[in-house]
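I have placed the structure first, in the form of structure tokens, so that the comments after it can refer back to it.
The values are calculated or read from the model by the stated rules, or taken from the named source; none is laboratory data. Source: prediction; values computed, not measured. Note that we place each Cβ from the backbone using ideal geometry, even for glycine, and neighbour counts take in every protein chain shown. Areas reflect the complete protein model, heavy atoms only, side chains present, ligands, DNA and RNA absent. Shrake-Rupley method; radii C 1.70, N 1.55, O 1.52, S 1.80 Å.
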Amino acid sequence: MKLSSRLQLIADRLPTGCRFADIGSDHALLPVWAVKHEAAVSAIAGEVNEGPLEAARRQVAEAGLSQRVSVRKGDGLQVIAPGEVDTITIAGMGGALISSILEAGKDKLAGVRRLILQPNVGEEFVRRWLLNHDWHITDEAILAEDGKIYEIITADAVSDAGQLNEELYRDRLLQGQDAHAGSAALTKELLLLMGPRLTAQVGDVFLSKWNSELSKLEKIHRSVTASQLPASRNKEQELSLLIKQLKEVLACLPKVKP
């Protein structure tokens, strides 16, 4: 069994010997791989839809892991009991949905030491939830696979999360990387949007993502500018400011040398 690059990056972030729950597990590929390769001692594959649930059951049975991988039907964190796992993975859904799953299941996070989250879109929702609930982001990864770009956010429950997060999201002034670039303010809001760890060392995939996002924002800006609605003027100003900030920050971020 070989995992996709995306799932492999998630598996690599599992603490050795963990007991973890994979929420929205689909075919239970990650739990089966992790237990089979001794990355985890046990796993729970949670799935709300009947089709993927049956596929997960077959996958676990064929691997001979029914004693160590429990496949459960339920919505979000309903599939686990407090203290049952020490790690949770949630991958392949929108950031707003991941945040709502964590919010609805807050009581199930007792004893959980690590969250490994892979939102398809809306990463800022995830980062904001983690910040507001004293989880500290220890790692962020970004990769391109099958024409899509994915971000993987790893957050740990640590006693000094408040202090660490204050430093992680501290506003900072970036100096241009060449003589033609000026400076740029990397604010808390931009760090939530772009990633406090990802902005520390910028690679090609990150730049590709944000150049694409800028193109989308500029297209929306043109549409809003053409609108005659009074409310569009505020939106136009907001978009103009965001586009300007993003361009300035991207010009000044430290790049990874090829």
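Rounded to whole Å and sorted largest first, list the principal axis extents of the Cα atoms in the chain.
Each principal axis gives a Cα extent; for the chain these are 60, 40, 36 Å.
Using a 1.4 Å probe on the protein heavy atoms only, what accessible surface does R68 show? Give it in Å² to the nearest 10.
Answer for R68: close to 80 Å² accessible.
What do you reckon, how do H37, H136 stack up by accessible area (1.4 Å probe), largest on top?
Correct descending sequence by accessible area is H37, H136.
With a 1.4 Å probe and all protein chains left in place, how much accessible area per residue does segment 1-65 have, in Å²?
44
Calculate the tail of P(r) for segment 160-258: the fraction of all Cα-Cα distances greater than 22 Å, expressed in %.
Value for segment 160-258 (Cα pairs over 22 Å): 38 percent.
How high is the relative contact order of the chain? Use alpha-carbon pairs under 8 Å, at least six apart in sequence, and give a whole percent.
13
Quick one: net charge around K209, please, counting Lys, Arg +1 and Asp, Glu -1 for every other residue with C-beta under 12 Å from its C-beta.
-2
Cα extents of segment 4-66 along the three principal axes, largest first, in whole Å?
Principal-axis extents of segment 4-66 (Cα, largest first): 30, 23, 18 Å.
Rounded to the nearest 10 Å², what accessible area does L173 show when all protein chains are kept and the probe is 1.4 Å?
Here the residue's solvent-accessible area equals roughly 120 Å².
What ratio of Cα Rg to 2.2 N^0.38 Å holds for segment 56-121?
1.20
All other residues with a Cβ under 13 Å from the Cβ of K36 taken together, and with Lys, Arg as +1 and Asp, Glu as -1, what is their net charge?
Charge balance near K36 sits at 0.
Share of antiparallel DSSP beta bridges in the chain, in percent to the nearest 5?
The antiparallel proportion sits near 45 percent.
Of the accessible area of the chain, with the probe set at 1.4 angstrom, what percent is carbon plus sulfur?
Ligands and nucleic acids excluded, carbon and sulfur give 52 percent.
May I ask you to derive the relative contact order of segment 123-258, considering only C-alpha pairs under 8 Å and at least 6 residues apart, and to give it as an integer percent?
It rounds to 25 percent for segment 123-258.
Determine one quarter of the surface area of the Cα convex hull of segment 26-170, which equals its mean projected area, and express it in nm² to one decimal.
If you wrap the Cα atoms of segment 26-170 in a convex hull and average its projections, you get 9.1 nm².
Please calculate the 1.4 Å probe accessible area of K36, with all protein chains present, and give it to the nearest 10 Å².
Looks like 110 Å² after rounding.
Straight-line reach only, C-alpha to C-alpha below 19 angstrom: list the aspartates and glutamates that K36 could link to, leaving out same-chain residues fewer than 8 apart.
Here the aspartates and glutamates satisfying the reach criterion relative to K36 are D12, D22, D26, E62, D86.
With the other protein chains left in place, how much accessible area per residue, in square angstrom, belongs to segment 114-173 at a 1.4 angstrom probe?
I get 47 Å² per residue for segment 114-173.
Considering Cα pairs under 8 angstrom that are at least six residues apart, work out the relative contact order of segment 1-126 and quote it in whole percent.
24
Go through K235/K255; K188/K255; K188/K244; K108/K209; K209/K247; K2/K255 and tell me which ones have a Cα-Cα distance over 22 Å in this structure.
K235/K255; K108/K209; K2/K255
Which whole-angstrom value gives the distance between the alpha carbon centres of segment 115-137 and segment 191-207?
Going from one Cα centre to the other spans 14 Å.
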